[in-house]
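Each value in this text was obtained by applying a stated rule to the coordinates, not by laboratory testing. Remember, it's a predicted structure, so these values are computed and weren't measured experimentally. Reconstructed Cβ throughout: ideal geometry from the backbone, glycine too, with neighbour counts over all protein chains shown.
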Amino acid sequence: MKKIASFTIDHTILPKGMYTSRIDGDCVTYDIRTRLPNKEPVMETGAIHTIEHLFATFVRNSKYSDSVIYFGPMGCRTGFYFIVRDSVTPRQAIDLTKDALAFCAAFEGDIPGASEKECGNCRDHDLPGAKKEAAAMCAVLQSWTPEQLAYPTK
């Protein structure tokens, strides 16, 4: 079988950050990498799950809502994928990601969509952990530029 694109990225040199993972037609997939792969402990599932709920709620209520396709965790638990239409510029995608993470880091109250009726695993949430993860990633992306969206090659 043909190797999929995400397996061609050199994870031994991949720092934390935000990268353009792939472009498929008018869909752009961003890799929001919160961990140094295979070097740091992975994110805990409760924190990941809570970030997923908060980030997705924020971006789907933003002015870019019609261009948001998906936000969710990587199976390896070292980051997230964020998919938007190409009508969202790279600069806008970075800014939207930073704003969504800031929202997660500062969030207080009930986690959106976290009831048994709304969520398939409502008992696996960790708001304090999510806030800590989001705040750490805000610091990483603080001055991120579109030029930094390219994966490192060495």
Open item on the list: I need the fraction of alpha carbon pairs in the stretch 1-89 separated by more than 18 Å, rounded to a whole percent.
Closed with: 47 percent
Open item on the list: Give the separation of the Cα centroids, the stretch 1-52 to the stretch 131-154, in Å.
Closed with: 12 Å
Task: Net charge dipole size for the chain [Lys, Arg +1 and Asp, Glu -1 on Cβ; Debye, nearest 20] - done: 480 debye
- [ ] Just grab the label-to-label distance for Glu147 and Arg22, each label 7 Å out from Cα along the Cβ direction, in nm (one decimal).
- [x] 2.9 nm
Task: Descending semi-axes in whole angstrom, ellipsoid equivalent of the chain, from the Cα gyration tensor - done: 24, 18, 16
Open item on the list: Counting only helical runs of four or more DSSP H residues, what would the 222 nm mean residue ellipticity of the chain come to if each run contributes -39,500 (n - 2.57) and the total is spread over all its residues?
Closed with: -10000 deg cm²/dmol
- [ ] Express the relative contact order of the stretch 98-144 as a whole percentage, based on alpha carbon pairs under 8 Å and six or more residues apart in sequence.
- [x] 57 percent
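Between their Cα atoms, which of Lys3/Lys154; Lys39/Lys117; Lys16/Lys154; Lys131/Lys154; Lys63/Lys154 are more than 26 Å away from each other?
Lys39/Lys117; Lys131/Lys154; Lys63/Lys154, as the Cα separations exceed 26 Å there.
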Open item on the list: Quick one: the Cα spread of the stretch 60-105 along its three principal axes, in angstroms, biggest first?
Closed with: 29, 22, 18
Task: the chain: relative contact order in percent, alpha carbon pairs under 8 Å with at least 6 residues between - done: 30 percent
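If the viscosity is 1.567 mPa s and the temperature 4 °C, what translational diffusion coefficient in µm²/s does Stokes-Einstein give for the stretch 91-154 when Rh comes from Kirkwood over Cα pairs? Write out the running numbers ahead of the final one.
Details: Rh = 13.6 Å.
Estimated via Stokes-Einstein, D reaches 95 µm²/s.
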